1. Could you tell me the accessible area of Val197 in Å² (1.4 Å probe, neighbours in place), rounded to the nearest ten?
2. Is the C-alpha gyration tensor of the stretch 36-103 telling us rounded, prolate or oblate? Criteria: a/c under 1.5 is rounded; beyond that, a/b larger than b/c is prolate, otherwise oblate.
3. Charges on Cβ only, +1 for Lys and Arg, -1 for Asp and Glu, centred on the Cα centroid of the chain; of Ala15, His219, Gly114, which one is farthest towards the dipole's positive end?
4. Distance check, please: which entries in Lys164/Lys217; Lys4/Lys164; Lys4/Lys75; Lys16/Lys217; Lys75/Lys232 exceed 29 angstrom between their Cα atoms?
5. Once you order the gyration tensor axes a ≥ b ≥ c over the Cα atoms, which shape class does the stretch 184-243 get: rounded for a/c under 1.5, otherwise prolate or oblate by comparing a/b with b/c?
6. Counting helices only, and only those DSSP H runs with n ≥ 4, report the 222 nm mean residue ellipticity of the chain as the sum of -39,500 (n - 2.57) divided by its residues, in deg cm²/dmol to the nearest 500.
7. Roughly how many Å² of Glu193 are accessible to a 1.4 Å probe, to the nearest 10?
8. Quick one: length gained pulling Thr236 to Gln5 fully straight, 0.36 nm per residue minus the C-alpha distance?
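The values are calculated or read from the model by the stated rules, or taken from the named source; none is laboratory data. Just so you know, these numbers come straight off a predicted model, no measurement behind them. Here the Cβ positions follow ideal geometry from the backbone for every residue, glycine too, while neighbour counts run over all protein chains shown. The accessibility values were calculated without ligands, DNA or RNA, using every heavy atom of the protein model including side chains. Shrake-Rupley method; radii C 1.70, N 1.55, O 1.52, S 1.80 Å.
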Amino acid sequence: MTGKQIEFETRDGKAKAGLFRPSTKASAGVILYMDAFGPRPALDEMAERLAGHGYAVLVPDLFYRNAPYGPFDAKTAFTAEETKTKLMALVTGTTQEMTIRDNAAFLDALAAEGIAGPIGVVGYCMGGARALNAAATHPDRIVAAASLHGGNLASDAPDSPHRKAASIEARVYVGVAGVDRSFPPEQSARLAEALRVAEVDHVIENYVGVGHGWCVKDHSVYDEAGAERHWKRLTTFFKETLG
């Protein structure tokens, strides 16, 4: 297993990302879209675990336009008013459209590292919607898209991913926290209908009893059993789609 930090140009500046490779030749590439707390060791560990299944995994810093910032403690960042204000400014100031513009640069960064074939994407929290929007924007490259405790996947916003379902050719997996204010049942139903009408091969799975953020080890609601269940689902999903 090898990991390194890389820099590359986007339409809006210079971005950084972690790149994690398996010990053997990578079978495919994966982009891991971060949660609201930014790149950090917990996400690196997740990327390394995916790399262990044979994928080259890119973890881009979606907040690069506002660097330097943080670091943030995922357990306390939203409970302390000072860090909550800073974090929300980063989240709301990094729009879906910004990440959509960045996606071509993320794909190019993988290609520059010799990963030019089909790509899988997975996003957590704020990254979930970005993974689905990436699949809609680059249907020629992205063949598998997963969202775990993603928020606002089928909201009233004009950039909500469900509005672009007709452009998605990838297989889609959505893992939903049992209770999640950012993705309530009515949004889940709306997303399911949009994907069904668009004839997207998809699964929406409800993880009963876990909270928003359950997959990420440094999160206050991390749930080991639920996280392991997500890993089983995610790695099977990628193996079936990416090989």
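1. 100
2. Details: a/c = 2.86, a/b = 1.39, b/c = 2.06.
The shape class here is oblate.
3. It is Gly114, whose Cα lies furthest towards the positive end.
4. Working: Lys164/Lys217 31 Å; Lys4/Lys164 34 Å; Lys4/Lys75 26 Å; Lys16/Lys217 23 Å; Lys75/Lys232 25 Å.
Violating the 29 Å limit, Cα to Cα: Lys164/Lys217; Lys4/Lys164.
5. Values: a/c = 3.09, a/b = 1.30, b/c = 2.38.
Verdict is oblate for the stretch 184-243.
6. -11500 deg cm²/dmol
7. 90
8. Numbers: separation 231, 0.36 × 231 = 83.16 nm, distance 2.74 nm.
Value of the extension gain: 80.4 nm.
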